[in-house]
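Here the structure comes first, spelled out in structure tokens, and everything after it is commentary.
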Amino acid sequence: MKTILKILLILVVAVMIGGTFYGAVTASSSGTDGTILQERPQPGDFPLDGEFTPPDREDFDDGVQFPAEMIKSLVIMTVVATVYLNITKYFGRKKPAMPTSL
Amino acid sequence: MTTEVIKNTPVQTKTKLWLDVVLFIAFLITMEPHPSGLAIHEWLSLAMVLTMIVHLLLSWDWITEISRRFLGKLGTQNRINYILNWLLFFDGTLLIVSGVLISEVALPAMGIQLPARFAWRRLHDLSANLGLLMLGIHTALHWSWIVNTVNRYVLKPILGLFSSKQKKDAVI
């Protein structure tokens, strides 16, 4: 019973957050001319950004490919974790104790 | 860290470890939908929601304890960890909501069709990238727990198997 209540609480909080996001995005779309957030962009809409591809099904291959992208994500996470650990280590390092007498 | 405040039972710790390993691998797979395909990306993400709920349930005591003590006396690590976990929760919720709203496989398979909105795709990408960075810090914050738990529940039992075999061989 307690577990069900906990799950319900998690879901309620998630729905509240999700609802807020949804409301914010919907409000911002209706605040403008209403087309920016509604339309899917066309292939030539972002000529300066070469990486953009429209969200078509053609982007996704059926088969499983070499997991280069997963390794990229893993490397990014490792770099972030290493940087964070080193920063905390650097700032958490205790200053050398001063001699009490000469 | 988690262990500074709450002591879990060995069964809870082991469950947490394997659940986190599965979540971590699933996150890496879902992070890039191109290699795995859109169907795997969407269904695996939906399955991850359930796994995340179990992950939160297993850390429930820590969450309630830190929530209670947050405004009082609390270590910096725990405070950072708590704030980061909330940010991860916000980010994860945005990731799921935006993912559901731009779904092209899972929701249509359930007979639900939603109007396409490009803003949700951009928010989905943004929250996924933010999630990747935050998960890196989340992992760093729990690094000592990961190392200790893997040592205790994975490496030591495996090494113990080898050493007991060697002892048996020596007796024979």
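Seen against the Cα atoms of chain B and their longest principal axis, helix B:38-58 is set at about 50 degrees. Using only helices, what value at 222 nm comes out for chain B when you add -39,500 (n - 2.57) per DSSP H run of length 4 or more and divide by the total residues, to the nearest 500 deg cm²/dmol? The helix-only estimate for chain B comes to -26000 deg cm²/dmol at 222 nm. Fewest neighbouring Cβ atoms within 10 Å first, the residues B:Leu155, B:Leu123 line up as B:Leu155, B:Leu123. For chain B, averaging the sequence separation of C-alpha pairs within contact (under 8 Å, six or more residues apart) and dividing by the residue count gives a relative contact order of 26 percent. Loop-resident trypsin sites (Lys or Arg not before Pro) (DSSP state other than H, G, I, E or B) in region B:1-109 with no more than 16 further Cβ atoms inside 10 Å of their Cβ: B:Lys7, B:Lys73. Taking the Cβ-Cβ separation of B:Leu71 and B:Ser164 as r and a Förster radius of 45 Å, what is the calculated FRET efficiency to the nearest 0.05? Taking R0 as 45 Å, the efficiency between B:Leu71 and B:Ser164 is 0.35. Going by neighbour counts of Cβ atoms within 10 Å, the residues B:His55, B:His124 line up, fewest first, as B:His55, B:His124. Simple rule: put +1 on each Lys or Arg Cβ and -1 on each Asp or Glu Cβ in region B:42-172, find the dipole, and look at B:Ser98, B:Leu114, B:Val49; the Cα lying farthest toward the positive end is B:Val49. Sorted ascending by nearby beta carbons within 10 Å, beginning with the fewest, A:Ser29, B:Ser36 become A:Ser29, B:Ser36.
Helix B:10-31 and the longest principal axis of the Cα set of chain B meet at an angle near 40°.
Could you state the angle between the C-alpha long axis of helix B:60-69 and the longest principal axis of the C-alpha atoms of chain B, as a value from 0 to 90 degrees rounded to the nearest 10? It is inclined by approximately 80 degrees. Over the Cα atoms of chain B, the radius of gyration divided by the Kirkwood radius equals 1.08; this is the Rg/Rh ratio. Simple spin-label estimate for A:Lys89 and A:Val15 gives 4.6 nm between the two label positions (7 Å along the Cα-to-Cβ direction from each Cα).
Bear in mind that the values in this text are calculations on the coordinates, not laboratory data. Every value quoted in this text rests on a predicted model; they were computed, and no experiment measured them. Backbone-built Cβ (ideal geometry, glycine too); neighbour counts: all protein chains shown.
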